[in-house]
Amino acid sequence: MKELSECTVMIVDDTETNIDILIETLSEDYDIAVAMDGESALEYISEELPDLILLDIMMPGMSGYEVCRLLKKNKRTYKIPIIFVTAINDEAEEKKGLEMGAIDFIRKPFNPSIVKSRVKNHLELKIAKEKLEEQNDLLEKKVTERTKELTLTQDLTIYSLTSLAETRDPETGGHIQRTQNFVKALADKLIELPIFEEKLNESKIELLYKSAPLHDIGKIGVRDNILFKPAKLTEEEFEEMKLHTIYGHAALKKASDMFGTNSFFRYAQEIAYTHHEKWDGSGYPRGLKEEEIPLSGRLMALADVYDALVSKRVYKPSFSHERAVKIILEGRGSHFDPTLVDAFYEINDIFRKIALNFADFDEERISLAKKNNGLKKIMACKK
């Protein structure tokens, strides 16, 4: 960073006597550059940037105002402090100069002590601003680096937890990729609606996307003979399976308490805990209904059911996209948030493409690749 004694002051004045006085006043403390008209000043500045300019207003050819205007519109020179030096004693002219970007006025005839003080003050202020900008740039760089580190750590945590969940899930890894993309696609559609302006934005949707893979993390606590049972669960077994929502919430809360609460853990806890709740209150584990269910849980509920329908399972074949959409629509207002169902219907083909892209079995790909017009009839019935 430049020191005060290393600064260059440029004097722009068409009168040699004025120039001599200013040189005598300032040359002991600063390097001095001189120009006797506006054009010469601009030519010099195009190659060398002074740290401050003492600029006469009334000069032959280009006036000081015009020089100031050109310097202030140039990205390279707009930060150079300009002090007008003038014999004009007019408030209107002074206001004009300050509005153009000058930082001060010095009246002729010069008082050397005032000139020295004002030049020194403005140069010290300029140096202080530059130091502050440098510190801010350094801080911003450190914050950016730290944010990248935290994001990487978070992503690694998500990957580790997701990998752990996959080892205890009878379904395939494609389920996790599909459902997180379903959640994002649905949230991207909802953000278009005014009622979700305060609930959703790009950063929140990204967090939903990252936390969605942990919706079934609680299955780690479910016994193998229940989790991997190929037949229908008994009533008692199903009650134990329901506990995966509680296990997942507890595990993520413990992680949050250990590593510090943040939005990612909050969304992950909500999704793990509430993705089996239903709009009419008939879901589990708490029987929440309507707006009591966090938006994250409502999104995951729809995504999870659609994926279960179009995916092949040991106990069922994959359903067609058309059949899955029909079942989702039938759950409008009972299983699912009506607004989410309406949004889903508008983008249902995006769901189909996501499911097709991340399909696990050829049977699913064949079923999803078939397009038909049956959905129009379904929507007509819904209305």
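The values are calculated or read from the model by the stated rules, or taken from the named source; none is laboratory data. In this text the structure is predicted, and so the values were computed from the model without any measurement. Using ideal geometry, Cβ is built from the backbone for each residue, glycine included, and neighbour counts are taken over all protein chains shown.
Can you pull out every residue in segment 297-329 that is without any contact (Cβ under 8 Å) to a residue 40 or more places away in the chain, of a type outside the set (A, V, I, L, M, F, W, C) and part of a helix (DSSP H, G or I)?
G297, R323 - these are the residues of segment 297-329 that are without any contact (Cβ under 8 Å) to a residue 40 or more places away in the chain, of a type outside the set (A, V, I, L, M, F, W, C) and part of a helix (DSSP H, G or I).
Please go through segment 23-32 and give me each residue that is among the hydrophobic types (A, V, I, L, M, F, W, C) and either crowded, with 16+ Cβ neighbours inside 10 Å or not in a helix (DSSP H, G or I) (or both), ordered by number.
Scanning segment 23-32 gives L26, I32.
Can you confirm whether N89 is touching a strand residue (DSSP E or B) at 6+ places or on another chain (Cβ under 9 Å) and of a type in the set (S, T, N, Q)? Reasoning before the result, please.
On the way: touching a strand residue (DSSP E or B) at 6+ places or on another chain (Cβ under 9 Å): yes; of a type in the set (S, T, N, Q): yes.
Considered against the rule, which asks whether it is touching a strand residue (DSSP E or B) at 6+ places or on another chain (Cβ under 9 Å) and of a type in the set (S, T, N, Q), N89 comes out as yes.
Mind checking which residues of segment 308-340 are surrounded by fewer than 21 Cβ atoms within 10 Å (Cβ to Cβ), of a type in the set (A, V, I, L, M) and within 21 Å of R298 (Cβ to Cβ)? Give the derivation first.
Narrowing segment 308-340 to residues surrounded by fewer than 21 Cβ atoms within 10 Å (Cβ to Cβ): 308-309, 312-317, 319-320, 322-323, 326-327, 329-335, 338-339.
In the following step, the residues that additionally are of a type in the set (A, V, I, L, M) were identified as 308-309, 314, 327, 329.
Residues satisfying the conditions are A308, L309, I327, L329.
Can you tell me which residue among I11, I19 is under 20 Å from I114 (Cβ atoms), without any contact (Cβ under 8 Å) to a residue 24 or more places away in the chain and buried (at least 19 other Cβ atoms within 10 Å of the Cβ)?
I19
Can you name the residue in segment 114-139 that is among the basic types (K, R) and touching a residue at least 40 places away in the same chain (Cβ under 8 Å) and is also nearest to L26 (Cα to Cα) among such residues? Let's see the steps before the verdict.
Let us first name the residues in segment 114-139 that are among the basic types (K, R), namely 116, 118, 120, 126, 129, 131.
With touching a residue at least 40 places away in the same chain (Cβ under 8 Å) added as a condition, the list becomes 116, 120, 126, 131.
Details: K116: 7, K120: 10, K126: 17, K131: 24 Å.
In this case the residue turns out to be K116.
Out of segment 204-242, which residues are farther than 23 Å from Q180 by Cβ, without any contact (Cβ under 8 Å) to a residue 60 or more places away in the chain and not β-branched (V, I, T)?
Once the filter is applied, which keeps residues that are farther than 23 Å from Q180 by Cβ, without any contact (Cβ under 8 Å) to a residue 60 or more places away in the chain and not β-branched (V, I, T), segment 204-242 yields R223, D224, N225, F228, K229, L233, E235, E236, E237, F238, E239, E240.
In segment 64-86, what residues are in contact with a strand residue (DSSP E or B) (Cβ under 9 Å, 6 or more places away or on another chain) and over 18 Å from P109 (Cα atoms)?
To start, the set of residues in segment 64-86 that are in contact with a strand residue (DSSP E or B) (Cβ under 9 Å, 6 or more places away or on another chain) comprises 64-65, 67-68, 71-72, 80-86.
Answer for segment 64-86, where residues must be in contact with a strand residue (DSSP E or B) (Cβ under 9 Å, 6 or more places away or on another chain) and over 18 Å from P109 (Cα atoms): Y65, V67, C68, L71, K72, I80, P81, I82.
Can you name the number of the only condition in (1) at pLDDT 95 or above; (2) farther than 27 Å from L150 by Cβ that K232 fails?
That leaves (1) as the condition not met.
Give the residue that is farthest from K184 (Cα to Cα), with candidates limited to residues of segment 225-275 that are assigned to a loop (DSSP other than H, G, I, E, B) and more than 36 Å from the chain's Cα centre (by Cα).
The selected residue is T234.
Can you spot a residue in segment 169-187 that is of a type in the set (K, R), over 30 Å from L22 (Cα atoms) and in contact (Cβ under 8 Å) with a residue 60 or more places away in the chain? Before the answer, list the steps.
Here is the first cut: in segment 169-187, the residues of a type in the set (K, R) are 178, 184.
Cutting the leftovers down to over 30 Å from L22 (Cα atoms) gives us 178, 184.
From what's left, in contact (Cβ under 8 Å) with a residue 60 or more places away in the chain: 178.
Within segment 169-187, one or more residues are of a type in the set (K, R), over 30 Å from L22 (Cα atoms) and in contact (Cβ under 8 Å) with a residue 60 or more places away in the chain.
Which of the residues that make up segment 201-217 are surrounded by 24 or more Cβ atoms within 10 Å (Cβ to Cβ) and part of a helix (DSSP H, G or I)?
Answer for segment 201-217, where residues must be surrounded by 24 or more Cβ atoms within 10 Å (Cβ to Cβ) and part of a helix (DSSP H, G or I): L208, S211, A212, P213, L214, I217.
How about segment 276-296: which of its residues are assigned to a loop (DSSP other than H, G, I, E, B), in contact (Cβ under 8 Å) with a residue 40 or more places away in the chain and among the acidic types (D, E)?
D280 - this is the single residue of segment 276-296 that is assigned to a loop (DSSP other than H, G, I, E, B), in contact (Cβ under 8 Å) with a residue 40 or more places away in the chain and among the acidic types (D, E).
Could you please let me know if V34 is within 46 Å of the chain's Cα centre (by Cα) and either closer than 20 Å to M59 by Cβ or in contact (Cβ under 8 Å) with a residue 60 or more places away in the chain (or both)?
So V34 does not fit the description; no.
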